[in-house]
Amino acid sequence: MDSDRIDQIINKHQGQARSLIQVLLEIQSENRWLPREVLEKVSEKLEVPLSRVLRIVTFYKTFSFTPKGHYEIDVCTGTACHLRGAQRVLDTVQDLTGIKPGETDLDSKLSLETVNCLGCCGLGPVMEIGGKTHSKMSPAEIADALKKCE
Amino acid sequence: MARVNSPAELDRLRKGFLSKRDPDKPCIAICAGIGCLGLGSDRLIGALEEEIKKQFLEAKVDIRVTGCHGFCEKGPLVVIYPEEICYFGVTPEDVPEIISQTVVEKKVIDRLVYTDPNTGEKAVHQSEIPFYRNQTRLLIGNNTRINPKRIDDYLAIGGYSALAKALFEMSAEQVLGEIKKANLRGRGGGGFSAGSKWETARNAPAEEKYVIVNGHEGEPGAFMDRALLTGNPHEVLEGLIIGAYAVGSHQGFIYIRHDTPQLRENMEVALAQAEEYGLLGENILGSGFNFNVEVHLDIGIFVSGESSALMRSIEGKAPEPRPKYIRTSVSGIWEKPSVLNNVETWANVPQIISKGSAWYSGIGTERSKGTKLISLSGNICNTGVVEVPMGTSLREIVYDMGGGIPDGKKLKAVHFGGPMGGSIPESLIDTPLDFDALTKLGAPMGAGGMLVMDEDTCMVDVARYFLDFLAGESCGKCVPCREGIRQMLKILTNITEGKGREGDIQLLEELAEVAGGASLCALGRSAPNPFLSTLRYFRDEYEAHITGKRCPALSCKEQAHT
Ligand SMILES: Cc1cc2nc3c(=O)[nH]c(=O)nc-3n(C[C@H](O)[C@H](O)[C@H](O)COP(=O)(O)O)c2cc1C
Ligand code: FES
């Protein structure tokens, strides 16, 4: 965790309670999880009660309380992808990785999430691995793509 | 960039751009919308740049990286100007040929143009390709002509002239009057009159007022707002500034998805460039009108697109709706009058001001005016963003633009409005696209996601799917919504798993009545819609699951497939 970078984000919004969500989003996107010490610092610097910070962080699945894996796997289960077999893709990924949506594997390599519509429904069923979009994958192709996550 | 201080200077600037442009100079417009990027258009852009360098054509050919062209199914998409040749499914391997054959020698490459799947006929231009030919692309049509990161492209096609007209030739009341006369209705789901909303906020007694773009686009299967906002951010921004002038607001917010980086990037570039030219900020175009805009990221929960929840979120609080005894146009962000409109609603404003309300209300139906962007997806040959005049029949959208249903399957139903909408059976496919006509059928248009379903789709599962979606997206604050959705979902899941019992339908109807009547916000109140509409048109499927323990569409895994 690069604490200077986090301090930088927080200090930019010092004393601005209204920036709470923007600050949390920014830290989440850079650090990929929100350690408790960081949340305490956010609470102190932005002058927001810690309970309110925790309430937001624990409720929305955009935020993560535990370290995420190096590669994030997002399986789209939006309507278009659902109609085109997203469940099969999700089942395959779960079988291959042994993790369920919301979980990270033991060596912190992979995290799995389901998302609602990535905005490219024409390619469905779609999944993203480490930010790269994969479309209409067969189980064998999924296995191949996952093997490349080293 | 120098500040522009008057409409005359803006005109001069525009003429300057045009005189410097050679209309015969080849320009390759490559789609970098979300769909095409997913298909590798970034590699294509790299390959084009390299090839042009290799052939020493840098001074002779322009490359334009654009937003979504619409025909996502056939990406990566390329349009070559000045002939406007459309190429589909272009790969980096095609690049050398495109440069030497099409750009230099002006020859069309047969393999890359559109081929009609039925007749085998080739089509080279948008005006000949069925997907585009039947559309009226007033809002999204310019996407191929604009690099969203270059405000000059937008100015060159007449951008910000509506703003100049509004600020210098019209009073705020006149602007408001035009929007009211045009009968512009909100595109985010409710179809509420934009003019009335603006007027309420304008007349509300407060010093400070806000205007907001709702770019949350939480409806799964809807991607037209992203296509518009990333592809032509200035069109939306110009509408917002005009709206602010009409309402008397000096601060705007643009609320966008946090998970689509291009959205934020393009919007921030657009804001910075508009500010440099003096089209945003203090003393806009020398008119004395001041207006600033902030970008806010959403938190990735569906309910944050609801107006009061969205406003809470901008205040930095958890996005939970409040009861709306007082409208947000009277008391919104920090209890100040706040006008919230959808991306597409704002994008309609500049053309109404430029061309007038009479022109605008000539398009569409009696009570639904203008065009509508539709995200066409599901079991359809041509997934993509289409724009059609209100009143276009659903049949035309599915068959003329959408190209029908793939794999020779039969159309079963179309679903509008995502988790808060409803399904229309094939027998009603001649219904016009119209706010009120669709609402009457139990399938309100929503934001414009149109999901096409073939005969293999189980309608009970569709209802279950949307409730499953909403169970994770409700804020959880009020009981009728939180528990109503959960219990309905449980029963529907049982039914799809072959565990349905006599009386389940009645129980579901009772739950639907409570959730629909007693929930705090429109999420809970509309949550039963997909169930109610599928029950209305496909009751026999529910009964087959419960009594016969079978799924007529052969889709539910746990059911007997007989
Ligand atoms: C649960 C829920 C989610 C919504 N999501 C969106 C959305 O993503 N985008 C949007 O423009 N409107 C959304 N709306 C509608 C907004 O509350 C609001 O009516 C709309 O943004 C107003 O703009 P319009 O009048 O231009 O349509 C949603 C409403 C509800 C109840
Ligand atoms: S539903 Fe999966 S990308 Fe839209």
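The mean sequence separation of alpha-carbon pairs under 8 Å and at least six residues apart, normalised by the residue count of the range B:334-400, gives a relative contact order of 21 percent.
Take each residue in B:218-228, count the other chain C-beta atoms within 10 Å of its C-beta, and the mean is 5. Averaged over the residues of peptide A:18-31, the number of Cβ atoms from other protein chains lying within 10 Å of each residue's Cβ is 4. Per residue, the range B:153-294 exposes 29 Å² of accessible surface when a 1.4 Å probe is rolled over the protein heavy atoms with every protein chain present. Counted by Cβ distance under 13 Å from residue B:269, the other residues give a net charge of -3, where Lys and Arg count +1 and Asp and Glu count -1. A compact globular protein would have a Cα radius of gyration near 2.2 N^0.38 Å; the ratio found for the range B:22-145 is 1.00. Within the shell of other residues whose beta carbon sits under 12 angstrom from the beta carbon of residue B:47, the net charge comes to -4, with Lys and Arg scored +1 and Asp and Glu -1.
Taken residue by residue and averaged, Cβ atoms of other chains lying within 10 Å of the Cβ of B:377-383 number 5. The residues of the range A:100-117 occluded by other protein chains by 30 Å² or more of accessible area, set against the chain on its own, are A:116, A:117; surface from heavy atoms, 1.4 Å probe. According to the calculation over all Cα-Cα pairs in the range B:365-404, the P(r) per 5 Å bin from zero is 6, 26, 33, 19, 10, 6, 1 %. Orientation-averaged projection of the range B:468-547 equals 4.7 nm² [convex hull of Cα atoms, one quarter of hull surface area]. For residue B:372, the residues 5 or more places off, or on other chains, whose built amide H falls under 5 Å of its own are B:388, B:390. Pairwise Cα distances in the protein assembly as shown exceed 52 Å in 8 percent of cases.
For chain B, the relative contact order is 13 percent, taking Cα pairs closer than 8 Å that sit 6 or more residues apart in sequence and dividing their mean separation by the residue count. Hey, with R₀ at 51 Å, roughly what FRET efficiency would residue B:557 and residue B:513 work out to, going by the Cβ-Cβ distance, to 0.05? Efficiency, rounded to the nearest 0.05: 0.95.
Give the cross-link partners of residue B:369 among the lysines, using a straight C-alpha distance below 29 Å as the criterion and excluding same-chain residues fewer than 8 apart. In chain and number order, the partners are B:165, B:180, B:181, B:197, B:209, B:324, B:355, B:412, B:440.
Over the range A:71-147, the hull volume per residue, using the convex hull of the C-alpha atoms, is 71 Å³. Taking Cβ atoms as reference points and 9 Å as the exclusive limit, the residues near residue B:476 contribute a net charge of +1, counting Lys and Arg as +1 and Asp and Glu as -1. As a fraction of the 1.4 Å probe accessible area of the protein assembly as shown, surface on carbon and sulfur atoms comes out at 49 percent. Peptides B:167-173, B:149-155 ranked from most to least packed give B:149-155, B:167-173, packing being the mean of other C-beta atoms within 10 angstrom over each peptide's residues. Only bridges with both residues in the protein assembly as shown count here: give the DSSP antiparallel percent, nearest 5. Counting only bridges with both partners in the protein assembly as shown, antiparallel ones make up about 50 percent. Chains A and B together bury roughly 3100 Å² of accessible surface, counting both sides and using a 1.4 Å probe on protein heavy atoms. Taken per residue, the accessible surface of the range B:340-426 reaches 26 Å², heavy atoms only and a 1.4 Å probe. Its Kirkwood hydrodynamic radius, worked out from the mean inverse distance over all distinct Cα pairs, puts the range B:198-254 at 12.5 Å. Direction-averaged projected area, Cα convex hull, chain A: 9.4 nm², rounded to one decimal. Taking every protein chain into account, the 1.4 Å probe leaves residue B:513 with about 140 Å² of accessible area, to the nearest ten. At q = 0.11 Å⁻¹ the log10 of I(q)/I(0) for the range B:407-562 amounts to -0.40, computed by Debye summation with a single uniform scatterer per C-alpha, solvent ignored. Note on the range B:159-361: Rg/Rh from C-alpha atoms, Kirkwood Rh, equals 0.93.
The residues of chain A expose on average 47 square angstrom of accessible surface per residue, using a 1.4 Å probe on protein heavy atoms. The stretch between residue B:6 and residue B:540 holds 185.7 nm of extra length on full extension. This uses 0.36 nm per residue minus the Cα-Cα distance. Here chain B carries DSSP beta bridges of which approximately 50% are antiparallel, counting only pairs with both residues inside. Gain on full extension, evaluated as 0.36 nm per residue between residue B:97 and residue B:62 minus their Cα-Cα distance, stands at 10.9 nm. When each of the peptides B:320-332, B:214-226, B:274-286 is scored by the mean number of other C-beta atoms lying within 10 Å of its residues, the order from highest to lowest reads B:214-226, B:274-286, B:320-332. When each of the peptides B:544-550, B:335-341, B:187-193 is scored by how many other beta carbons lie within 10 Å of its residues on average, the order from highest to lowest is B:335-341, B:187-193, B:544-550. In this structure the amide hydrogen of residue B:185, modeled in the peptide plane, comes within under 5 Å of the amide hydrogens of B:194, B:369, none closer than 5 places in sequence on its chain. List every residue whose amide H lies under 5 Å from the amide H of residue B:251, counting only residues 5 or more places away in sequence or on a different chain, with H placed 1.01 Å from N in the peptide plane. Correct list: B:209, B:211, B:292.
Overall, the ratio between the Cα radius of gyration of chain B and 2.2 N^0.38 Å, rounded to two decimals, is 1.00. Here the scattering of the range B:371-454 is modelled by Debye summation over its C-alpha atoms, one equal scatterer each and no solvent; at q = 0.19 Å⁻¹ the log10 of I(q)/I(0) is -0.71. The eigenvalues of the Cα gyration tensor, multiplied by 5 and square-rooted, give the range B:79-155 an equivalent ellipsoid with semi-axes of 23, 19, 10 Å from largest to smallest. Here chain A carries DSSP beta bridges of which approximately 55% are antiparallel, counting only pairs with both residues inside.
The values are calculated or read from the model by the stated rules, or taken from the named source; none is laboratory data. These numbers come from a predicted model, not from an experiment. Glycine gets a Cβ as well: all are built from the backbone with ideal geometry, and neighbour counts include every protein chain shown. Note: accessible area is taken over every heavy atom of the protein model, side chains too, but ligands, DNA and RNA are not part of it. Shrake-Rupley method; radii C 1.70, N 1.55, O 1.52, S 1.80 Å.
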